[in-house]
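In what follows, a single structure is set out as structure tokens and then discussed.
The values are calculated or read from the model by the stated rules, or taken from the named source; none is laboratory data. Keep in mind the model is a prediction, meaning the values are calculated, not measured. Methodologically, a virtual Cβ is constructed for each residue, glycine included, from the backbone with ideal geometry; neighbour enumeration extends over all protein chains shown.
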Amino acid sequence: MPQRRPHPAAGGRLGPEGRDRSDATRRRTPDGGEAHRRGERILRDGSRERARPRPEPAVRRPASSTSSTSARTSAPRPKPVVRRPPPRTPITAIRVPLGSSSRRLHVVLVIMAMGLSLCAGRLLQLQGFDSARYTADSIDALTRTLPLLPSRGEITDRNGTVLAATQPAVAVTADPTLVGAKAPEVAGILAPYLQMTPEQLVPLLTTPNTHFVYLKKQVPALTYTQLAADLSKAGIYGIFREADPVRTYPNGSVGSSVVGFVGADGKGLGGLELSMNKELSGKVGQETYESAPNGSKIPLGDSEVTPAQNGLNLRLSIDSELQWMVQERLAKQVVRTKSDYGTAIVMNVKTGEVLAMANAPTYDSSNPSASPTEARGNTAVSAPYEPGSVEKVLTAAALIDSGTATPDTRVSVPYRLKSGPLSIKDAFTHESDPLRLRLRGIIAQSSNIGTAMLARQMDRKQLHDYYVRFGLGKPTGVQLPGESAGIIPPADMSDIQRDQAAFGQAISVTAVQEAAAISGIVNGGVYNPPTVISQATDSAGNTVDLDKREPRRIISAKSSAQVRDLMQAVMDSENGQNNLKLDAYTSGGKTGTAQRADPELHRYKGYVTSFVGFAPLDDPEILTYVVMNNPRGKFDTGTSTANPVWRDVMKYVLPRYSVVPDARETKPKRTTW
């Protein structure tokens, strides 16, 4: 049977024995892959040769068709040798031998035991050793304490007219974490009640990183009640309130320099609101309660309340109607005389109560910022000045009470008096030289020379001590802030100081000091410390004793009567009859004109004019003291500037306090000799 010829695709040729020669060859030769790695190639006969680089293909040139056909027929074209890249060496994985399973188990158990030990230790610390502290911390975290603000005390005048009161109001606050997501809606509800725009409220309601922000202060309590109702209907939670009462002054500027005013925080900044702030404020209470994390009160939780103690109510000695009249009259005179400022004090001689204390210009307690800073003080207690001839009343009282002189003591008054390197002169023209005056005439004509001559007969220390006894050189203790002590010469004063102090120069006083001193001198010699507070009561109406100062005697009753005699002589003088005296009442008085110490120029410039007077003459009840600082133009004496105010005030206050008119014909006593 003939053998089948293999298909050319079989990849080999048969040998004579009918076997595939290539198989035999492969069996006889080493592996082809190994030969390739060594860079060799295996020929058909099984031999090997080093592989040569493959030559570049030659450019075939055209040849005749006969020759090329013949070449292709006679010699077959060799196949190109294809070089294959050597195979990559396979990567062998590194195997790590596993440890003992029992050892691994032990390590895991030890780690777990350590973790459990730490947890157990911490648990023991929390529940055993520090349990009390952590319990207290947790209670504190859930406990809120809110202040309970007391109601500030009222201030009324002597007749019960309210001068300062407190109206309930609140400060509206918000928690941005609770309302921030609904800020536009919340702002729309709040805006009309708080009188703010939504554009102003939204940034406040969305303030980051806080649970508290103020929206508006001093919102009336009724307004907040209506606001809270609208928020509740809208289902909005996160708007809260704090007590923030509003201080009101129904009478505006009446008595403002005495009453004072408070700041935005409710604390006094002027007048009695400042000096009596502690008594008016009361004591803050507090409420402590358990709260939920959102701040709301737990209904059945523990709570404790310490009630607030409301402030004291003050009833002043000030008569608001009289105060208004004095303020108006004084203000007109300040404008008329072009003075820097004016001060007027009306006192009850027998008690020391201040019935009116006016300053012009002044301010409105409801809106103090609308007035300049210098108008928001109280010049009656805080602005010392050289009193001028009014001081002669105090010098005369010292002369009489010490026995140095009497109203009829005779003095030859020269035209000039040498005082150290200076000379003292009188403001009036002497009719003769020397001028023969009694002490009564020296006071009536206001002789500087005569007063200085008599003062030289007193020991310096004795004169100093009388000034101190009259309340000069130290605060009077009136319940008002910023009181000045004034300045008096020392006990070892020089001759020049003694001469000048005797007639009201080289000495400084406040209006309240001078008014209180003269009141004591004419009140039988009994000094009543000035006061603006008649009574203080607590919220239950019980009277509370304040620091009450007792009256004291400063001169004898006889000396007091003799000083009144001197002051009557002023009213009986020609100037007194024409310009000073009252028509329906007997009275005594004294004018004052002093050189004004200019605080900016540090020298004398201008004048301080004044007038002090009382009525009735024999049993004084009311004293009024008026001071005008730096009047200009033709107004340069106490007669032309201060006395017109004094007369108008006395005409009003004496009938108001039921003082019986006692005008009578009297024969003036002798003033000359």
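Worth pointing out:
- Here THR306 meets each of (1) in contact with a Lys or Arg (Cβ under 8 Å, 6 or more places away or on another chain); (2) of a type in the set (Val, Ile, Thr); (3) surrounded by fewer than 18 Cβ atoms within 10 Å (Cβ to Cβ) with one exception, condition (1).
- Scanning segment 208-228 for residues that are hydroxyl-bearing (Ser, Thr, Tyr) and either buried (at least 16 other Cβ atoms within 10 Å of the Cβ) or in contact (Cβ under 8 Å) with a residue 60 or more places away in the chain (or both) yields a total of 2.
- Subset of segment 186-207 (residues that are closer than 20 Å to GLU242 by Cβ, touching a Pro at 6+ places or on another chain (Cβ under 7 Å) and not in a helix (DSSP H, G or I)): THR207
- The residues of segment 361-397 that are outside any loop (DSSP other than H, G, I, E, B), β-branched (Val, Ile, Thr) and buried (at least 21 other Cβ atoms within 10 Å of the Cβ), listed by number, are THR379, VAL381, VAL390, VAL393, THR395.
- None of VAL563, VAL532, VAL570 is at pLDDT 95 or above and in contact with a Lys or Arg (Cβ under 8 Å, 6 or more places away or on another chain) except VAL570.
- Condition met for GLY638 (crowded, with 23+ Cβ neighbours inside 10 Å, closer than 30 Å to ALA506 by Cβ and at pLDDT below 95): yes
- Taken over segment 196-236, residues that are touching a strand residue (DSSP E or B) at 6+ places or on another chain (Cβ under 8 Å) and hydroxyl-bearing (Ser, Thr, Tyr) amount to 3.
- When segment 589-616 is limited to residues that are more than 42 Å from the chain's Cα centre (by Cα) and either aromatic (Phe, Trp, Tyr) or crowded, with 24+ Cβ neighbours inside 10 Å (or both), the one that is farthest from ASP565 (Cα to Cα) turns out to be THR591.
- SER447 falls short on exactly one of the conditions (1) crowded, with 23+ Cβ neighbours inside 10 Å; (2) in contact with a Gly (Cβ under 6 Å, 6 or more places away or on another chain), and that condition is (2).
- Residues of segment 232-287 that turn out to be in a strand (DSSP E or B), in contact with a Leu (Cβ under 8 Å, 6 or more places away or on another chain) and not small (Gly, Ala, Ser), as a count: 5
- Answer from THR210, THR225 - the residue that is β-branched (Val, Ile, Thr) and assigned to a helix (DSSP H, G or I): THR225
- Taken together, ASP583, ASP619 contain a single residue that is in a loop (DSSP other than H, G, I, E, B) and free of Cβ contacts under 8 Å to residues at least 60 places away in the same chain, which is ASP619.
- Scanning segment 288-321 for residues that are in a strand (DSSP E or B) and either over 27 Å from THR166 (Cα atoms) or not aliphatic (A, V, I, L, M) (or both) yields THR288, TYR289, GLU290, SER291, LYS297, SER303, GLU304, THR306, GLN309, ASN313, ARG315.
- Check on MET325, touching a residue at least 60 places away in the same chain (Cβ under 8 Å), assigned by TED's automatic domain parsing to the domain that holds PHE611 and assigned to a helix (DSSP H, G or I): yes
- Check on ALA427, closer than 17 Å to GLU391 by Cα, part of a loop (DSSP other than H, G, I, E, B) and hydrophobic (A, V, I, L, M, F, W, C): yes
- Against the test of being in contact (Cβ under 8 Å) with a residue 12 or more places away in the chain and closer than 30 Å to GLN323 by Cα, the options PRO184, PRO168 yield a single qualifying residue, PRO168.
- Figure legend. Inter-residue proximity from segment 229-255: first residues outside the structural domain of GLN218 (by TED's automatic domain parsing) and in contact (Cβ under 8 Å) with a residue 40 or more places away in the chain, second residues surrounded by fewer than 16 Cβ atoms within 10 Å (Cβ to Cβ) and of a type in the set (A, V, I, L, M, F, W, C), beta-carbon distance below 6 Å, spacing 6+ or different chains. Indicated pairs: PRO250/VAL162.
- Unmet requirement for THR351, which otherwise passes all of (1) surrounded by fewer than 24 Cβ atoms within 10 Å (Cβ to Cβ); (2) within 29 Å of the chain's Cα centre (by Cα): (2)
- Odd one out for ASP433 among (1) closer than 22 Å to TRP673 by Cα; (2) buried (at least 17 other Cβ atoms within 10 Å of the Cβ): (2)
- Residues located in segment 398-422, provided they are among the hydroxyl-bearing types (Ser, Thr, Tyr), exposed (fewer than 15 other Cβ atoms within 10 Å of the Cβ) and under 52 Å from the mean Cα position of the chain (by Cα): none
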